[in-house]
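What follows is a short report on a single structure.
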Amino acid sequence: MELFNLWWSALNTRGTLFKALNRAFGKALHAYDMIQEGDRIAVGFSGGKDSWALLWLLTERLPRIPITYTLFPIHIDVGFGSSAPIQQNARHMGWEVRIEQTDFGVLAHSDINRENPCFLCARNRRQRLFEIADELGCNKLALGHNKDDLIETLFLNMLYAGEMSTMLPKQALFQGRLTAIRPLVYVDEEALTRFAASMGWPLVGNACPSAGRSKRAHVKQMLQTLYGGDRKIKGNIFRALRHVKPDYLPK
């Protein structure tokens, strides 16, 4: 835990950002009652800024809260590059990440797949995460989706699926055997980017050939253009997710 302690002491110079991030994190945990005593929590760990922040914040709060839980980080390698740096970097923090080697990404981009490669890869990754969480006896699965991810998913579903829906902060699965939680839903992606840089986390880049060319990337770019015109737009969209008026929508 030597590197963890070094990073913890470094928080003194990043206090304002950490406090804001931790406040939003705690607000989501409380608002949706995400964690209870004795939970076994599988944590999706990609090696990017969101998953680093998620695992860090879940670990950091353990010594100072009145409940205990156990974390099980899981990395799904989809077949593009080595996952060795993820395991090595996580061990410096005192975490042992389970690495699952797959060909999900390669298969999704092969000639035998006629679907959207991102859709198929994500579906297979999600299914394998569920299976591993079950194997480990976990009752919770923590995912690193942030506020921007929820907004982008809303627009993806409207534009490409013809429905109004997004990801839930807390969702019971498999008749309640597993519950997916997203503690970063109140956190802006930009804050996570700044915090990851200030902490010096060794982020793992996305080697997927569709990175930057996906429908999500296009939606992100469109939203950034909107946000640039009025700084209130993002907050209004996020609030709209919880202020739906069905009587004013056509049936």
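Every number in this text was worked out from the coordinates using simple rules, so none of it is lab data. Since this is a predicted model, take the numbers as computed values, not measurements. Cβ: placed from backbone, ideal geometry, glycine included. Neighbour counts: every protein chain shown.
Observations on the structure shown:
- Extending 7 Å from the Cα toward the beta-carbon at both Ala207 and Thr68 defines two label points whose distance is 3.9 nm.
- Sorted peptide list for 230-239, 40-49, criterion being average Cβ within 10 angstrom, highest first: 40-49, 230-239
- The gain in end-to-end length when the Glu163 to Lys215 segment is fully stretched comes to 17.2 nm, 0.36 nm per residue minus the alpha carbon separation.
- The chymotrypsin sites (Phe, Trp or Tyr not before Pro) found in the stretch 167-233 that occupy coil by DSSP, while having at most 15 further C-beta atoms within 10 Å, are Phe174.
- Rounded FRET efficiency, nearest 0.05, which uses the C-beta distance separating Arg231 from Lys251 and R0 of 35 Å: 0.55
- Candidates Pro202, Pro66, Pro117: whichever shows maximal mean-square fluctuation once the chain is modelled as a Gaussian network with Cα springs under 10 Å: Pro66
- Between Leu107, Leu57, Leu129, the GNM of the chain built on Cα springs shorter than 10 angstrom shows Leu107 fluctuating the most.
- Relative contact order of the stretch 2-248, taken over Cα pairs closer than 8 Å and 6 or more residues apart, is 23 percent.
- Cross-link pairs exceeding 26 Å between alpha carbons, from the set Lys220/Lys251; Lys19/Lys232; Lys19/Lys245; Lys49/Lys140; Lys140/Lys234; Lys140/Lys220: Lys220/Lys251; Lys19/Lys245; Lys140/Lys234; Lys140/Lys220.
- Least to most buried among Leu141, Leu241 (fewest other Cβ within 10 Å first): Leu241, Leu141
- The relative contact order of the stretch 109-251 comes to 22 percent, based on Cα pairs under 8 Å that sit 6 or more residues apart.
- Extending 7 Å from Cα along the Cβ direction at Met222 and again at Arg126 yields two label points whose distance is 2.0 nm.
- Top of Ala180, Ala90, Ala191 by mean-square fluctuation, Gaussian network on the chain, Cα under 10 Å: Ala191
- Couplings 3J(HN,Hα) for the stretch 32-42, derived from phi with the Karplus relation 6.51 cos²θ - 1.76 cosθ + 1.60 (θ = phi - 60°), are 10, 6, 6, 10, 10, 3, x, 4, 10, 10, 6 Hz, where x marks Gly and Pro.
- The slack between Gln171 and Ser82, meaning 0.36 nm per residue of separation minus the straight C-alpha distance, is 28.9 nm.
- Cut-off 11 Å, label 7 Å out along Cα→Cβ of His92, residues of the stretch 166-202 by amide N: 200-202
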